[in-house]
Amino acid sequence: MKKLLKLCFKIALVLVILGVGAVVALRMMFPPEKLKAMALEYAKNNLQREISFDGISLNLVGVTLDNFAISENTTFKNGTFAKADKLVVKIALKPLFKKRVEIATVQLDGLDVNVIKNKNGSFNFDSLIPASDPDAKPEEKAQTASDASAFVLVAEKIAANDCDFSYKDLQTGMEASLNDLNIEINQFDMAEPFDVKVNFTTAYQEKNGPAVSVPVNIALRASLAGLDMKNAYVTVNNVSASYKTVKFQLKGGVKDFTAPQADFSGTLSGINNTVFADFLPNLPNFSLPVINMSVQASADLDAGTAVISQAKLSVMDSALTAAGRVGWNSPAPTYSVSADLTTDLAQIVQMTDTVAGFNPGGVITGSFKATDKQDGKDVSGSVTFKNVSALYAPFTASKLNGTIVIASLDNISCNSFTGLLNGEKFTSSFSYKNVRDVMNIVFNLDLDKLTMNAFPSSGAQETSSEQPAEETAAKSASSGAEMMMNVKADIKVGPISVPYFRADGFALKANLTGVSESMQKANGQVSFNLQPGAITNLDSFVKENKIVKILLLPISIVRKVAGVLNIDLFPAENNAQKGEIAFTSGEGAYTFVNGLMRVDKTTFDSKLTNLVGSGNIDFKTAALDMKVSATLLTSQTPVVIKIGGTMDNPSGKLDVVNTVGSLVGGILNYKTPGKVVSGTANLAGDVATGAVKTTGKVANTAVKTGADVTKGAANVATDTVKGTVNVAKDALKGIGSLFKKSDSSEEKK
């Protein structure tokens with residue numbers, strides 16, 4: 001700002017030289033050509049720039065300068081820095097002998113100034129501003145001020161018409177301007193108050209961003225008090241601006257220019273969602289009532305500090321007040337402020353569209369303190385919720401009560417937060433700490449019931465197609481800039497009904513470190529339990545949430561591999577449930593070690609299938625090494641599948657040895673009472689094991705042989721085990737069909 005003031009002074013000096021010089025030339029009988037040569041020489045030697053003008057019209061009462069221009073650095077070949085269509089100065093000669101300059105008119109038309117910030121950070125007007133003289137003595141400065149105070153300047157009218165100031169930042173691509181600037185000063189007097197009217201239109205545009213244009217009108221009364229700055233003042237009668245439907249008005253004033261004291265108040269109205277449509281097109285409908293603003297502050301310009309006695313924003317009964325101290329003489333701004341917040345949601349909600357049957361309300365209060373310490377993170381205070389109701393589709397929250405304690409922006413906690421979520425009672429607690437850019441999160445929740453008709457809408461980035469796990473792992477490894485978290489969680493939820501999933505209850509415990517998007521540095525344990533329910537669409541369900549995807553990852557992989565092997569591990573109980581994965585219980589226990597997820601236990605039981613899995617999932621390489629045993633309860637047929645490949649491209653095959661061994665040895669023991677057929681089971685197991693070693697027709701023959709032996713051995717048993725023998729026979733026939741499916745699957749590969 002100081003540079004621009006010096007620049008304006010420099011340009012004004014050139015214009016005054018031309019104007020006053022014309023009078024001197026007239027008195028000394030200098031011709032206009034000589035005066036023009038003097039001005040050109042002055043600009044060349046002192047400004048290192050060229051100037052031009054069409055001509056000077058001289059008379060006894062003033063000077064008129066047409067088409068004035070000053071070049072960019074050194075020459076007009078580099079462009080035009082500023083130009084003016086006309087400058088008219090009409091003065092009275094007689095008062096000059098009394099150290100008075102009485103100006104009838106100063107008129108400036110069509111001034112255009114182009115300010116450019118270069119890519120190296122310099123400005124195109126830097127060469128116009130001489131460096132300050134560090135050797136200047138205080139006495140000399142005081143004498144200069146004394147001389148200036150003895151000089152009196154008055155003007156009947158000073159006007160600037162149709163002026164433009166443009167600014168372009170070549171570093172960021174930002175452009176801003178003041179267009180159609182008009183200034184009118186009537187009865188200007190350095191010793192008496194005078195009136196000023198200013199109007200202009202601001203324009204602003206970030207690179208590739210929408211353009212914003214705001215017309216501004218200013219009316220004020222000022223007094224320079226004969227350059228006695230302590231008694232100088234400015235009274236702002238009105239400052240008004242508008243943008244679309246928004247109206248801004250301000251009034252107040254500043255007094256004592258040696259230690260300025262400001263007192264302003266204003267209003268802001270017409271704010272609604274359409275105002276931000278160019279920047280945030282998807283905002284919900286809202287319309288704010290009048291916002292009242294006020295500020296009282298004093299400044300010490302020499303020290304570069306200001307004391308804010310009070311700054312306040314209020315909307316009806318809701319208000320934010322602040323007070324404190326700020327400074328700007330340091331390389332970075334300094335501040336120490338405190339603030340208080342009161343929000344009445346029952347009033348705020350009147351400004352927005354609401355869902356029928358839901359009435360947000362309650363009171364939020366807060367108290368804060370903030371300083372520039374800790375890189376601006378030194379913020380402390382608390383926020384208290386009292387019977388607060390809020391809506392974030394598809395969630396409705398009501399009767400929210402609790403206090404959030406802020407030790408700093410890196411340390412936030414709440415010991416008890418209660419309320420109703422979608423009409424169901426919950427209790428919770430949480431804490432957040434950021435230690436060396438690692439977020440430590442503790443979260444506890446006990447929710448009676450959860451019902452949702454839809455998941456929260458996600459942003460464009462979240463809905464975009466997911467990258468393959470291998471590509472994500474490689475990208476994360478190369479970037480090395482993932483957000484890291486340590487998470488402790490204890491969550492209990494009663495009956496759940498959400499899109500693609502329902503259950504009679506759910507519980508989760510987690511104690512993890514190194515959690516990130518890629519999970520490549522994760523360590524710790526996660527366990528969960530599911531009560532009876534169903535997954536109606538597994539693919540859609542796991543896409544909705546990263547946590548759900550990890551918890552059900554073993555199930556997703558097993559289902560994908562079973563589909564390739566043409567084995568239905570999750571048959572429907574009836575046609576109405578076709579496509580669902582119904583379960584009577586589910587349980588998972590996972591251990592993470594440096595990005596390797598060890599599936600300690602995964603069980604998924606239903607009325608038709610019992611599934612047990614174990615193995616490893618490597619998030620660094622996306623490699624799989626798992627084994628899953630699924631028992632079809634309708635035929636007591638166990639299927640053991642080995643899973644390899646990657647998370648995005650899993651591969652699997654039947655573990656024939658374990659499948660047949662568990663079938664013949666396990667099912668007969670399961671169906672046969674006591675030890676009546678224990679020998680039969682062993683014999684059948686041996687025969688089956690031998691059968692596994694054969695292939696093709698030999699395998700089928702071995703199966704028949706195993707069946708015959710089993711049948712013969714069963715004749716030795718009592719009639720009570722005849723049913724068991726038939727079950728074994730049917731089961732072994734089922735194995736034959738599994739072998740064929742396995743063989744065909746291998747041939748396809």
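At a glance:
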quantity	calculated
Subset of the stretch 417-449 that is more than 21 Å from ALA510 (Cβ to Cβ) and part of a strand (DSSP E or B) - its residue that is most open to solvent (accessible area, probe 1.4 Å)	LYS425
Condition check for SER213: crowded, with 17+ Cβ neighbours inside 10 Å, among the polar types (S, T, N, Q) and outside any loop (DSSP other than H, G, I, E, B)	no
Number of positions in the stretch 88-134 that are open to solvent by less than 60 Å² (accessible area, probe 1.4 Å), modelled with pLDDT under 80 and among the hydroxyl-bearing types (Ser, Thr, Tyr)	2
Cross-chain or 6+ apart pairs with Cβ under 8 Å, the stretch 311-340 first and under 15 Å from ASP378 (Cβ atoms), then open to solvent by less than 30 Å² (accessible area, probe 1.4 Å) and assigned to a loop (DSSP other than H, G, I, E, B)	none
Filtered residue count, the stretch 243-279, keeping only those that are of a type in the set (Phe, Trp, Tyr), under 33 Å from the mean Cα position of the chain (by Cα) and outside any strand (DSSP E or B)	2
Answer residue from the stretch 280-292, given it is open to solvent by 50 Å² or more (accessible area, probe 1.4 Å) and part of a strand (DSSP E or B) and is nearest to ALA322 (Cα to Cα) among those	ASN292
Given (1) open to solvent by less than 40 Å² (accessible area, probe 1.4 Å); (2) touching a residue at least 24 places away in the same chain (Cβ under 8 Å); (3) of a type in the set (A, V, I, L, M, F, W, C), index of the condition PHE257 fails	(1)
Qualifying residue in the stretch 233-246 (condition: without any contact (Cβ under 8 Å) to a residue 40 or more places away in the chain, more than 25 Å from THR321 (Cα to Cα) and among the aliphatic types (A, V, I, L, M))	yes
Where a residue in the stretch 419-439 is of a type in the set (S, T, N, Q) and its partner, wherever it lies, is at pLDDT below 95 and open to solvent by 50 Å² or more (accessible area, probe 1.4 Å), with Cβ under 6 Å and at least six apart	ASN422/THR451
Filter result for ALA370 (farther than 30 Å from GLU482 by Cα, open to solvent by less than 30 Å² (accessible area, probe 1.4 Å) and in a strand (DSSP E or B))	no
Scan of the stretch 549-564 for residues that are open to solvent by 30 Å² or more (accessible area, probe 1.4 Å) and β-branched (Val, Ile, Thr), ordered by number	VAL564
Options SER429, SER408; residue that is touching an Asp or Glu at 6+ places or on another chain (Cβ under 8 Å) and closer than 27 Å to ALA339 by Cα	SER408
Candidate set: the stretch 414-439, residues that are over 20 Å from the mean Cα position of the chain (by Cα), closer than 23 Å to GLU517 by Cβ and not charged (D, E, K, R); chosen: the one modelled with the lowest pLDDT	VAL435
Failed item in (1) among the basic types (Lys, Arg); (2) touching a strand residue (DSSP E or B) at 6+ places or on another chain (Cβ under 6 Å); (3) open to solvent by less than 70 Å² (accessible area, probe 1.4 Å); (4) modelled with pLDDT under 65, with ARG49 passing the rest	(4)
Boolean, SER298 is of a type in the set (Ser, Thr, Tyr), under 30 Å from VAL379 (Cβ atoms) and within 32 Å of the chain's Cα centre (by Cα)	no
Breaking point among (1) over 25 Å from the mean Cα position of the chain (by Cα); (2) surrounded by 15 or more Cβ atoms within 10 Å (Cβ to Cβ); (3) modelled with pLDDT of 90 or more, for VAL307	(2)
Candidate set: the stretch 182-210, residues that are under 20 Å from LYS255 (Cα atoms) and in a loop (DSSP other than H, G, I, E, B); chosen: the one modelled with the lowest pLDDT	MET190
Inter-residue pairs, beta-carbon under 9 Å, first more than 21 Å from SER127 (Cβ to Cβ) and in the stretch 26-50, second assigned to a loop (DSSP other than H, G, I, E, B) and at pLDDT 70 or above, 6+ apart	LYS36/PHE53
Qualifying residue in the stretch 172-193 (condition: under 29 Å from GLN310 (Cα atoms) and touching a strand residue (DSSP E or B) at 6+ places or on another chain (Cβ under 8 Å))	yes
Test set (1) surrounded by 15 or more Cβ atoms within 10 Å (Cβ to Cβ); (2) modelled with pLDDT of 95 or more - ASP344 fails condition number	(2)
Residues (open to solvent by less than 60 Å² (accessible area, probe 1.4 Å), more than 16 Å from PHE528 (Cβ to Cβ) and among the polar types (S, T, N, Q)) located in the stretch 581-610	SER606, THR609, ASN610
Some residue of the stretch 513-535 being crowded, with 20+ Cβ neighbours inside 10 Å and more than 30 Å from VAL442 (Cβ to Cβ)	no
Matching option when the condition is in contact with a Gly (Cβ under 8 Å, 6 or more places away or on another chain), aliphatic (A, V, I, L, M) and open to solvent by 30 Å² or more (accessible area, probe 1.4 Å), among LEU268, LEU227, LEU250	LEU250
Selected residue (criterion: least open to solvent (accessible area, probe 1.4 Å)) from residues of the stretch 64-83 that are within 17 Å of SER166 (Cβ to Cβ), of a type in the set (S, T, N, Q) and assigned to a strand (DSSP E or B)	SER71
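The values are calculated or read from the model by the stated rules, or taken from the named source; none is laboratory data. Values in this document were obtained by computation on a predicted structure and should not be read as measured data. FYI the Cβ positions are ideal-geometry reconstructions off the backbone, even for glycines, and counts take in every protein chain you see. Just so you know, the surface numbers come from the protein's heavy atoms only, side chains and all, with ligands and any DNA or RNA stripped out. Shrake-Rupley method; radii C 1.70, N 1.55, O 1.52, S 1.80 Å.
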